[in-house]
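One structure below.
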Amino acid sequence: MKGIVFTEFLEMVESTFGLETVDTIIENCDLPSEGVYTSVGTYNFNEMVSLLSELSVQTGISQENLLYSFGHYLFTSLANAHPDVVANYKSPIALLNCIEDHIHVHVKKLYPDAELPEFKILSKTEKTLEMIYSSSRGLYALAHGLIVKTFEHFGKMVNVNYKLLNENGTEVKFTLVQKG
């Protein structure tokens, strides 16, 4: 997993729960990296699982809710780091519709070894989008947070419904309906 995900996660933890919580979760996890991450490095996904699990223990917040919050947080960081990518789109539906064809292509140029989820578009209208999220990591709650923040970025509200297509959440159908 790319280091930028780790560095942004720890920044979110610090801004939400404080530096002491960051130190505690790192100290309580047996991390091969010892909790030292660079944005361009690559780290074992299990380290993120450990950090997330320990944060859940420390805060009493479910891992799913923490991942959703992280997705929400991560959108702003990514949009600030790559404003040109987001600026190419006039609506949240348009941006989400082009994840595979444009955004992930851009990400792969920056991080050639990044393991990205796949988004298969099933249907699209001006105000609706149905898609299948697929990832061996099952981070659909992170995707959910990114989706909601995408709409907020464009000043829009959205109803998000999702259905797990398997027990471990590695394949999830999202149905998005823009309000207003």
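In order along region 138-145, the Karplus-derived 3J(HN,Hα) couplings, from 6.51 cos²θ - 1.76 cosθ + 1.60 at θ = phi - 60°, round to x, 8, 4, 5, 5, 4, 4, x Hz, and Gly and Pro are given as x.
Accessible area of region 40-180 with a 1.4 Å probe: how many percent of it is carbon plus sulfur?
Solvent-exposed carbon and sulfur of region 40-180 make up 52 percent of the total.
Just tell me which lysines come within less than 22 Å, Cα to Cα, of Lys90; anything on the same chain fewer than 8 places away is out. Hits, sequence-local ones excluded: Lys120, Lys124, Lys127, Lys149, Lys156, Lys179. Translational D (Stokes-Einstein, µm²/s) of the chain at 37 °C and 0.692 mPa s when Rh comes from the Kirkwood sum over C-alpha pairs? Using the Kirkwood radius from Cα pairs, D works out to 194 µm²/s.
Where does the Debye-calculated log10 I(q)/I(0) of region 33-76 sit at q = 0.23, 0.29, 0.32 Å⁻¹, using only Cα point scatterers of equal weight, no solvent? Calculated log10 I(q)/I(0) at the listed q: -0.92, -1.08, -1.09. Using θ = phi - 60° in the Karplus curve 6.51 cos²θ - 1.76 cosθ + 1.60, the 3J(HN,Hα) couplings for region 152-162 round to 4, 4, 8, x, 10, 10, 9, 9, 10, 10, 9 Hz; x is entered for Gly and Pro.
Scalar couplings 3J(HN,Hα) for region 120-134, obtained by applying the Karplus form with A = 6.51, B = -1.76, C = 1.60 to θ = phi - 60°, are 9, 7, 9, 7, 8, 10, 4, 10, 9, 8, 10, 8, 10, 8, 10 Hz; x denotes Gly and Pro.
If R0 is 25 Å, what FRET efficiency do you get for Ile132 and Asp84 from their C-beta distance, rounded to 0.05?
Working: r = 28 Å, r/R0 = 1.11.
After rounding, the FRET efficiency stands at 0.35.
Rounded to the nearest 500, what is the 222 nm mean residue ellipticity of the chain from helices alone, with -39500 (n - 2.57) per DSSP H run of 4+ residues and division by all residues?
-15500 deg cm²/dmol
With +1 on each Lys and Arg Cβ and -1 on each Asp and Glu Cβ, how big is the dipole of the chain about its Cα centre, in debye rounded to the nearest 20? Intermediate values should be presented prior to the final figure.
On the way: 13 positive and 22 negative charges, 224 e Å.
Using only the charged Cβ atoms, the result is roughly 1080 debye.
Helix 19-28 axis versus longest C-alpha principal axis of the chain: approximately 70°, rounded to the nearest ten.
The modelled label-to-label distance for the pair Val177/Glu152, using points 7 Å beyond Cα in the direction of Cβ, is 2.2 nm.
So if R0 is 45 Å, what FRET efficiency would Ile61 and Lys124 give, r being the distance between their Cβ atoms, rounded to the nearest 0.05?
Details: r = 33 Å, r/R0 = 0.74.
Plugging the Cβ-Cβ distance into 1/(1 + (r/R0)^6) gives 0.85.
If you average the C-alpha positions of region 60-89 and of region 1-32 separately, how far apart do those two centres end up, in angstrom? Here the answer is 16 Å between Cα centres. For region 34-110, state which GluC sites (Glu not before Pro) are in a DSSP loop and have at most 13 other beta carbons lying within 10 Å of their beta carbon. Sites meeting the loop and neighbour criteria: Glu34.
The mean sequence separation of alpha-carbon pairs under 8 Å and at least six residues apart, normalised by the residue count of the chain, gives a relative contact order of 19 percent.
Calculate, for region 32-162, the solvent-accessible area per residue in square angstrom, rolling a 1.4 angstrom probe over the heavy atoms of the protein chains. Before the final figure, lay out each step's value.
On the way: 6870 Å² over 131 residues.
Value returned for region 32-162: 52 Å² of accessible area per residue.
A simple count of charges around Gly169, restricted to other residues whose Cβ falls under 13 Å of its Cβ and scoring Lys, Arg +1 and Asp, Glu -1, yields 0.
The values are calculated or read from the model by the stated rules, or taken from the named source; none is laboratory data. Model, not experiment: these values are computed from the prediction. So basically every Cβ, Gly included, is an ideal-geometry build from the backbone, and we count neighbours across all protein chains shown. Keep in mind that these areas ignore ligands, DNA and RNA; they rest on the heavy atoms of the full protein, side chains included. Shrake-Rupley method; radii C 1.70, N 1.55, O 1.52, S 1.80 Å.
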